[in-house]
Structure formats: structure tokens, C-alpha cells
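Below is one structure, written out as C-alpha cells, with a few remarks after it.
The values are calculated or read from the model by the stated rules, or taken from the named source; none is laboratory data. What you see is a predicted model, and the numbers here were worked out from it, not measured in a lab. Cβ placement follows ideal geometry from the backbone for every residue including glycine, while neighbour counts extend to all protein chains displayed.
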Amino acid sequence: MMRFLLLFSRQGKLRLQKWFTPMSEREKKKIIRDMTTMVLARQPRSCNFLHWKDLKIIYKRYASLFFCLAIENQENELIALEVIHRYVELLDKYFGNVCELDIIFNFEKAYFILDEFLMGGEIQETSKQMVNRSIEASDMLQEDDSSEWFEVELFG
Amino acid sequence: MPAVSKGDGMRGLAVFISDIRNCKSKEAEVKRINKELANIRSKFKGDKALDGYSKKKYVCKLLFIFLLGHDIDFGHMEAVNLLSSNKYTEKQIGYLFISVLVNSNSDLISLINNGIKNDLASRNPTFMNLALHCIANVGSREMAEAFASQIPSILVAGDTMDSVKQSAALCLLRLNRTSPDLVPMGEWTARVVHLLNDQHLGVVTAAASLITTLAQKSPEDFKTSISLAVARLSRIVTSASIDLQDYTYYFVAAPWLSVKLLRLLQCYPPPEDAALRSRLTECLETILNKAQEPPKSKKVQHSNAKNAVLFEAIALIIHHDSEPTLLVRACNQLGQFLQHRETNLRYLALESMCTLASSEFSHEAVKTHIDTVINALKTERDVSVRQRAVDLLYAMCDRSNAKQIVAEMLSYLENADYSIREEMVLKVAILAEKYAVDYTWYVDTILNLIRIAGDYVSEEVWYRVIQIVINQDDVQGYAAKTVFEALQAPACHENLVKVGGYILGEFGNLIAGDSRSSPLVQFNLLHSKFHLCSVPTRALLLSAYIKFINLFPEVKATIQDVLRSDSQLRNADVELQQRAIEYLRLSCIASTDILATVLEEMPPFPERESSILAKLKKKKGPGNLPDIDDARWNVNGSTEHSENTESTNKSPPSLMADLLPTNRPRPASSSPTLLSAGTMGSSHPFTDLLNLNSTPSAGASLLVDVLSDISTPAPINVSEDNFSRFVCKNNGVIYEDQLLQIGLKAEYRQNLGRIYVFYGNKTSTQFLSFSSSVTSSDTLKTHILPTSLLNVHAKAVDPTVDGGAQLQQVVNIECLSDFTDAPVLDIQFRYGGTLQKIAVKLPVMLNKFFQPTEMTSQDFFQRWKQLGVPQQEVQTIFKAQHPMDTDVTNAKILGFGVALLIGVDPNPANFVGAGVIHTKNTQVGCLLRLEPNTQAQMYRLTLRTSRESVSQRLCDLLSDQF
């Protein structure tokens, strides 16, 4: 299973944090610090995998943002790398040419999209269409808040 | 404002975020945040009821502030209120806030649970999903208690929407991980397995995750999933790439699901059903074949997804470890990746090959890639790839390539990244020991290690080299010569000084014949390093010096001068000062004989698991060392590891009491304060001197602690693993497991004995209700004699033993008549709530009540003839289990308790001894003769005593020792 996902900028500013196991705020801060120092210190064109404690760290840089995903030791690194990519695609599809600022200003949306995609540290829905359909469905709900919810049930 | 805000667009939030971003300093940011917090607080407290939109906006701002890393101590209630909103976006923000901020022990849980309950009951799939996500995100016990029984029915209900099924499956998975006891198994499990057949691949993916986790815990219950998983996998790998529509990812059919299914199959052995098995083999072959096809896309996503499935298939092949053709194909495939231009693939190939190296079918195939791997170690730019190369070299190492691999690792170590040096040092040390053909190579390798990476050589490593040198007679001279030469270097590492000090102190005499390394030269060389060393090393050197006084009387005066100097006798460090004083006194008052006995050469160390290996295991975690487990050693048919030390499994580091000639028989005047003059009023008991036989740095029992192994004797049976080691000695560790170490010190006089039993709590937790009593074994009680043969009395002990503390118990023994069975020590205590029971056979044997008897040749043969009745003699011929070393044999016979009679037997190769067994009722005179035949590696042992039972028992005891 996945343990956590962090998004941070090249300057080490955290943009998103998702924890799939309970963790104290102190532990979280320590991990965030470890991850940013470790990943930011990597040379370009190094491999995307690291060992850290008993976990594997999979990271990838997209423009100014680093995506950093921790998986358990027996898990598959390459498919985890594609988990990151699929999430980027989902963000891109939703925001249209997603950039760091989109995630800063619409952080709650970034969390919602992630929740449609991953759950409890496992992949929930791998189909881009399915995820986007649910996100758009909820946006429809927002734009038309006065409408009754069951009219859009079909999108579920 | 740069970014578009889709959907509702909370303008206030965007303005706030923008403000924060424009803050020039941390202080300005804090100021802006405090202003906002005050504003939100006043809004929440205000009289005017807030509308849903405002509430949502403020909760969202709080969430943002929290995610920036600031504490939030209010707003939880407003977030919970949002849950009951019937507006989706408000509900959604409420749930998000709770997922991120509410920890599992919040007192709001019951309110939150209420919101979740309503949404689960709403039958609105969007709301149900939000509720299920919240449960999975928070995952607290209260939530599990409230919902765990309800979720399985949502999962398997026929009318549940697909997306809800997916959420329910993963929610259940999460609860099963955190509170497995609350997730009831039941008839739903069978129906969950059938979700693998579901039309909707998203549902299948989620279900596969759930089933994998459940199957790991109870494989039997989910066995039916094997055939369904194979069928599903088969359909995926043979499908055309467009068949699966949106589940095809960059021309790869359902890679996530494929990986999941292959993982699920790794919970089980290969399918028993032949048809199923061949269908699975076909799948795996297809996956391997696809790797050879030209890529359908140049995108890295295509190759990643394809190779993700391939690596998982290889993992399954390795897991099954039953199809040699598949294993070799997998190995060849990984071999191609070793030279791939993608760094990721090279990294993963090295990693996978590590596990392949441990299979007997593919170990040889892996070894063919050695040059590529060595090249990777030298040329890879990325340290984490080099690290994997080190791991693989370690895993593929065996006797055939050990010299090459160790040499390469040593040369890499000179420039290796600091982050991996310590681990590399451990690995080199282990390989050098494990595959050493000759010990000179081993000694060279370790000294090189210290030279190249001295700072990273942990204590375990240099302890181990000393242990091995002490146990291997044939390398001692070479080791002395080599350390002597290494110490010539103007700047040598302190670890080398430690090893040098220890080895020259023990074996310096072996090279003293050469004038270039005469005693004085050796001493001056060591002493030239003294002032640059830390206190523990200096302490060790002082011990080496007193050993020198014993080995080389000619340097006694020089060394005494050094010990007498103010910098020693008045050293600010109490340990150094005490050593200097004690050693100086010892050198002045003790006769050469006593000195020789006290400072006798170290006895061999007991066989134990290599402490270095234990350290590496600890460092990597138990699960992370698949590459060097015992299975591999057997696979190669090699028992290299044991042969180097198995010859010497008799005695833990000797304690001085054992060596003092006054120990047995003990004159009435001798007492523990025997040499109290030597302590010069120091508050330390003289037993401190014992350190000189172990490593003197951190405490008396350091060596024992560090080298202690991890063996786990069965607790219910009477442990007698170490029993026979005590036949010829009285002190040492009789029992050890993860929790407890039991050490013994025994002394005997005439028919009386006293054993000091030391119980060491190895944990950091207190042992409670500790009790320990001695029972004579059953056969002893039911012996034909109405009274017992031994009187054993154990004093009561404290009922608690603190973590890390040692408890001492005194056991008094009186031997009434000759006996065979040893008493048993029964120990009970509570550790972490569970009752531990241990039974250990106490090493009380008949020979402990020996008094040695010196006699002339004439006397001996006269008595030998007197005991000529056939029943009085017991003879046995047996094969030598240890190297046939005269000195060792002498020591053992002395340790057995008899006097060793020199010049009695016409054949000087034979050993002859005499003694009297003292029991309360009677005394039994014993004569023994041991005739070694070095060519045949056999011994003949003959015992003559006035009692048949005594002859037999003594013969049994002693014949076990050679």
C-alpha cells in the first residue's frame, strides 16, 4: 500500500500532503523535512527510486513541482511512478495545463481529485474518464447548488 | 489573480491565499494569518448565524492555514456542522477538513459518526462515497466499531453502484488493517472473491486490493481467488490493447489490475491444479514474450507500465521458485535491463536479481553477470544505483567469486559515498569471514578495511577479527606479524591500534624471535600510539602491557616505569588510573607462575552467530536481507560459515576465578579478597582485573554483550544446550534468549559446591513475579536409594528484575553420593503480560567434586593394576570433534578436575590423570588415560575407578569434550 504522498516545490514548499496511515503531527513534520531534503538533493537524471527506512520512495519532478510517493517495501516501483503520472494527468485534465499556482489556489480541488483516485493507500479508480466524470459531476452540483442532487445521480 | 478558480470560486479564499503569497517575510505571514484567525473566530462566535457558504469559506481558510504548518485549535465544530448540509460542496469541505485535521481520538467523533451514518443511509452514491472516504481517511477505532459491520453488506449488495462498491472495498481494507478484530468475516467473503469476475474493472481492481490483504492474513479462506485471478489475468494479457478502453494505459492493458492480480497470486504457492498451473505459466510466458516485442509507443509511460507488469511477473516467478525455465528467462531479461539506458530499469534489475540470486535454479545464472555489476559499481552516476549493485554483489557472492567481489568492494570503498560506507564495511567483513579459505586472507581483508574506512568499522567488526584469530591457532603468528607491520604506518587508525594491542598482547611472542620485532620494539611501537588514543583504547593498551610483562620478562622494568609514571598512576581517568595501579602491583607481587596463570592466553570463544551479521540484520530490518539467509547457504551445499569456528565451542571468555590456581582445591585462607593488596584501597573489587581478558572499554561484560547471539532455545523443554560446555569449566553463559541471559560462576571444594547464578534482563522492561527454584530431576528422586544423592539449596531472589539489570542467586550444593542426573533450574517470570517459563539444566556433574592427586609413575601403575577388575574399567574409542591440540587437551583434563601427570606414561603423546571424587558418604579414587591417534583423528579414553558407575559416568562426561 501507499503510505503518503507529498507535493512540494523546488524551494521545498509543501503544496499537498496526503497520509494514508495515522501519524502524529510531529512525525509528519519530520517526514516532510526528510523527504524534501533527500529528494531535492538528488542530481537530475538520477533514478526515481530511493530506499528510506523500510519504505521505498518514488519521486518525480513535473515542472516546478516534485511528487513524492512512499510505498511499502514489497510494492512495485514502476506502477507507483505511473500512479504519480496518472494523478498529474487528472489534475491537468481538470485545470487545463495545470501549474503549481492552480494547486496553490485550488488546493481543496487537488485533494478532491486525489480522493477520487486513491483511497486508503490503494488505487481506487484507474480510469481517467471515470475519475473526471465524478469530479465534473460534483462541479455541476456546485454550479447548480439549488438543483436537487438526484438529478445528477446518473453521473455517479 | 493568476489562477482560474473553477466551480464555485470562493473569492475571499483566493484573496487570502494571494495575500499570504505576497508576504515578504515569515513575520508578515504570521501577522496576516493571525489577523485572519481573529476574523474567523469573531465570525464563528458572532450572534448572526452564518450561512453555509460563509461557513464553508472560513473552514476552507482554516484548512489552508493548517496546511501551511500552523496550529488550528477551533473550527472543528463548524466543519462537523457542514456534514449535515445538503449542499454537496459544503459537505465536501466539511469532510475534507475532518479527514485532514481530526485525529482519531477527537471527542467530536460521535458527532462525525452521526453525519457519516446519515450519508451512508442516504442511498445517494456521491454522499455515500464521501462518507466512506472519511471513514477510510480517519480510520479510527470508534469509526470501525460504528461501521465495520455495515460496510460488507454495502459492498456485496446487488443494487450498490459500482463507484460505491469500490469505495466500500477499500474502506473495508483500511479498517481491516487498523482494527482487524472489528471486521467480521462471514458469508460476504465468498461474494467478495467473486467481485474478481465483475464487469467493471475499477471494481475488480479495488476488490483485488482487498482480497490480497485478507488472503495474506487467512490464505485458506480466500483460496478460491486463485483460479479467478488466473482467469482474469489471462484475459487481460491476451486482450488486444484497445479492448479494455479506458483501462488501457499507454497501450498496456490494465497495468494496475495486472500488478494487483500478480501480487494476489504471491500469497499462494503455485496452483496445484495442473490445468490452472499451465494457464498461469502461459500468462507469465506471454508477459515475458511481450518484453521482447518492439514498444508500441515511445512514451516512457508505456514502457513503465509494461515493465511494471513484467517485474511483478518476475516477482511471482521468484516467489514460486519452481519453474527453472521461467527463472532463467527472468534472469536473462533482468540481465538485458542491467545495461539498459533507463536508470530506473538498471536499478530495478539489480534489485530483482538480488532475490533471484537466492534461488538454486538461478544463482548460477545471476553469477554470469558479475562483470556488468562490478562495472555498475564503478561507473553508475547515481548513488542509489551503486547501492543496489553492492547489494547484488553481496547476494551473488559465494566461495568461487568471493576474492574478486571482496577486492572490488574494497577498492570501491576508498571512494564510496559516506552514506553507504558503514553498511559496505559490514558486508565486506561478513563475506571475508564467510568465504575465507585461508585465514591470512581474512586477516588481510579486515586490516585493509580498517585502513581504508577505519571510521566506519564498528566495534563488532574488530571484535570479530580478534575472536577468529583467537580461535584459529594457525593464523595467530601471521596476524601478529601483519598487525605489527600495519602499526608501522605513521598515521594509523585507532581501531588498528586496538586490534594491534590486543593481538600483540596475546600473540606477540610468536614474532618476538625476529630482532626487528623484538619485545622492546613491539612495546615501543604500541606505546608510541598511546598518547594519541582515546581512554578505552589506552585502557586496552595497558592490558596489553601487563600481558607483555608476562610474555617477556625482559621488558618488565621498562613497562613498570611506564605504569609508574605520573601520567598513569595519577591519571584523571579513574579507569586508567586503577588499571595502572593494579597492573603495577600485580607485576610486583605476583610470582611468575601466578602471573602466567592470570594472564594465560585467551581460551577460544564459543561458537555464536556472527555479531556482524546480527548487526547488518538489525540495520536492514529482518525482512530486508533475503540475500544471505540460511536457505542460500544450503542451496549451495556449502557450510563455509560453520567450519571456521565450530572447532572451538567450549568456553566463553574466561574469568579470572577460573584461572587462579587456588580455585581448586581451595585452601581455607583463600577468599575473594585474595589479592586485595593489589587494589590499594580502591573501592572497585579486584574482579575489575577480569577485564583484561575481555575488551576493557565500556565494562566488564562488554565482549559478552556484544557477541551475544540471538539463539532461542525452546522454553518448555529443559535447556541443556550449553550443559556439556561446563564439564571442564565453571564459569560462563549457560542460557540465553532474547529476554534473558543466565551466567554461572561456580566453585567447588571437597563435596561442597556453590554456584552464583546471574540472571541478566536483556530488555528494557521490568520482569515481574520472577522466581527461580531448583528441582532435582525425576530420575534422581526415584533412584533406588531412599535419600537423594545431591542436596541442592537455592536462596530466594527478588521478585522483580529491572530492565538491563542483573540479579544474582546463590545455589549451594552438597554431594552425598555419586550421581548422574543434574538438577534443573526452573525460572518463571512475567514479561509484558505473558508468563515466561524456562528450565535449564544446571551443570553440576560428578567430576566437579574431584580433588586432583599428584603421584609418581610407580604409584600410578601400582594403583592402575589394583583397579584391574573388568567392572572397574570403562574404555571408549571415539572420533575427535575438535583439532587435536596438546595444550587444549591439557587444559581440558585439568579443567576436568584431575591432576595431569607428566612423564608417567611411557608414550609422551598420551595424557594421564589422577584424582579423588569426594562425596559425603565416600571417596572414589580415579585414574584416567587418554591416547590420541592423530593420524586416525581418534582417541581412546580409559577410566579406572573403584566404582563401576563412577567410571562410566566420568567416561561419558569426558569423552564428549574432545
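I'd like to know if the range B:338-353 contains one or more residues that are under 18 Å from B:Gln292 (Cα atoms), in contact (Cβ under 8 Å) with a residue 24 or more places away in the chain, more than 31 Å from the chain's Cα centre (by Cα) and more than 14 Å from chain A (Cβ to nearest Cβ). Checked the range B:338-353: at least one residue is under 18 Å from B:Gln292 (Cα atoms), in contact (Cβ under 8 Å) with a residue 24 or more places away in the chain, more than 31 Å from the chain's Cα centre (by Cα) and more than 14 Å from chain A (Cβ to nearest Cβ).
When you scan the range B:32-85, how many residues do you find that are surrounded by 16 or more Cβ atoms within 10 Å (Cβ to Cβ), outside any helix (DSSP H, G or I) and away from chain A (no Cβ under 14 Å)? Adding up the residues that qualify gives 1. Being among the aliphatic types (A, V, I, L, M), within 10 Å of another protein chain (Cβ to nearest Cβ) and within 21 Å of B:Leu214 (Cβ to Cβ) is true for just one of B:Ala136, B:Ala144, B:Ala157. Which residue is that? B:Ala136 is the lone residue from the list that is among the aliphatic types (A, V, I, L, M), within 10 Å of another protein chain (Cβ to nearest Cβ) and within 21 Å of B:Leu214 (Cβ to Cβ).
Per the listing B:Gly500, B:Gly508, the residue uniquely in a helix (DSSP H, G or I), within 23 Å of B:Phe530 (Cβ to Cβ) and touching a residue at least 40 places away in the same chain (Cβ under 8 Å) is B:Gly508.
Within the range A:53-97, the set of residues being of a type in the set (Val, Ile, Thr), crowded, with 18+ Cβ neighbours inside 10 Å and within 23 Å of A:Lys109 (Cβ to Cβ) comprises A:Val83, A:Ile84.
What number goes with the only condition from (1) facing another protein chain (nearest Cβ under 8 Å); (2) surrounded by 16 or more Cβ atoms within 10 Å (Cβ to Cβ) that A:Pro22 does not pass? Among (1) facing another protein chain (nearest Cβ under 8 Å); (2) surrounded by 16 or more Cβ atoms within 10 Å (Cβ to Cβ), A:Pro22 violates only (2). Could you list, in sequence order, all residues of the range B:489-504 that are surrounded by fewer than 24 Cβ atoms within 10 Å (Cβ to Cβ) and among the small types (Gly, Ala, Ser)? Correct list: B:Ala489, B:Ala491. Residues that are without any contact (Cβ under 8 Å) to a residue 24 or more places away in the chain and either more than 26 Å from B:Ile468 (Cβ to Cβ) or surrounded by 20 or more Cβ atoms within 10 Å (Cβ to Cβ) (or both) do occur in the range B:534-557. Identify the residue in the range B:890-940 that is in a loop (DSSP other than H, G, I, E, B) and of a type in the set (Val, Ile, Thr) and, among all such residues, is nearest to the chain's Cα centre (by Cα). Among them, the one singled out is B:Thr934.
Okay, residues lined up against (1) buried (at least 23 other Cβ atoms within 10 Å of the Cβ); (2) in contact with a Lys or Arg (Cβ under 8 Å, 6 or more places away or on another chain):
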position	(1), (2)
B:Ala254	yes, no
B:Val259	yes, no
B:Leu264	yes, no
B:Asp273	no, no
B:Gln292	no, no
B:Pro295	no, yes
B:Lys299	no, no
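Among the residues of the range B:570-590, those that are farther than 12 Å from B:Tyr545 by Cβ and over 41 Å from the mean Cα position of the chain (by Cα) comprise B:Arg570, B:Arg585, B:Cys588, B:Ile589, B:Ala590.
Which of the residues belonging to the range B:11-29 are more than 9 Å from every other protein chain (Cβ to nearest Cβ) and in contact (Cβ under 8 Å) with a residue 40 or more places away in the chain? Residues satisfying the conditions are B:Gly12, B:Phe16, B:Ile20. For the range B:304-319, the set of residues classified as modelled with pLDDT of 95 or more and not aliphatic (A, V, I, L, M) consists of B:Asn304, B:Lys306, B:Asn307, B:Phe311, B:Glu312, listed by residue number.
Just one of (1) in contact with a helix residue (DSSP H, G or I) (Cβ under 7 Å, 6 or more places away or on another chain); (2) of a type in the set (Asp, Glu); (3) at pLDDT 90 or above fails for B:Asp246. It is (3). Criterion applied to B:Phe860, B:Phe896 was being buried (at least 17 other Cβ atoms within 10 Å of the Cβ), more than 20 Å from B:Arg953 (Cα to Cα) and aromatic (Phe, Trp, Tyr), and the one residue passing it is B:Phe860. Criterion applied to B:Glu380, B:Glu433, B:Glu460, B:Glu423 was being surrounded by fewer than 22 Cβ atoms within 10 Å (Cβ to Cβ) and away from chain A (no Cβ under 14 Å), and the one residue passing it is B:Glu460.
Considering B:Ala486, B:Ala480, the condition of being in a helix (DSSP H, G or I), in contact (Cβ under 8 Å) with a residue 24 or more places away in the chain and buried (at least 22 other Cβ atoms within 10 Å of the Cβ) is satisfied by B:Ala480 alone.
State whether one or more residues within the range B:97-105 are crowded, with 22+ Cβ neighbours inside 10 Å and over 44 Å from the mean Cα position of the chain (by Cα). There is no residue in the range B:97-105 that is crowded, with 22+ Cβ neighbours inside 10 Å and over 44 Å from the mean Cα position of the chain (by Cα). Scan the range A:66-125 for residues that are more than 25 Å from B:Ala14 (Cα to Cα), of a type in the set (A, V, I, L, M) and more than 7 Å from every other protein chain (Cβ to nearest Cβ) and the total you get is 7.
Just for the range A:29-54: of the residues that are within 8 Å of chain B (Cβ to nearest Cβ) and part of a strand (DSSP E or B), which one is farthest from the chain's Cα centre (by Cα)? Once the filter is applied, the top-ranked residue is A:His51. The requirement of being at pLDDT below 85 and surrounded by fewer than 16 Cβ atoms within 10 Å (Cβ to Cβ) is satisfied by B:Ser764. Among the conditions (1) within 22 Å of B:Phe337 (Cα to Cα); (2) away from chain B (no Cβ under 12 Å); (3) of a type outside the set (Asp, Glu), the only one that A:Ala63 does not satisfy is (1). Please work out which residue is nearest to B:Ser518 (Cα to Cα), limiting yourself to the range B:530-569 and to residues that are more than 39 Å from the chain's Cα centre (by Cα) and basic (Lys, Arg). Taking the candidates together, the pick is B:Lys556.
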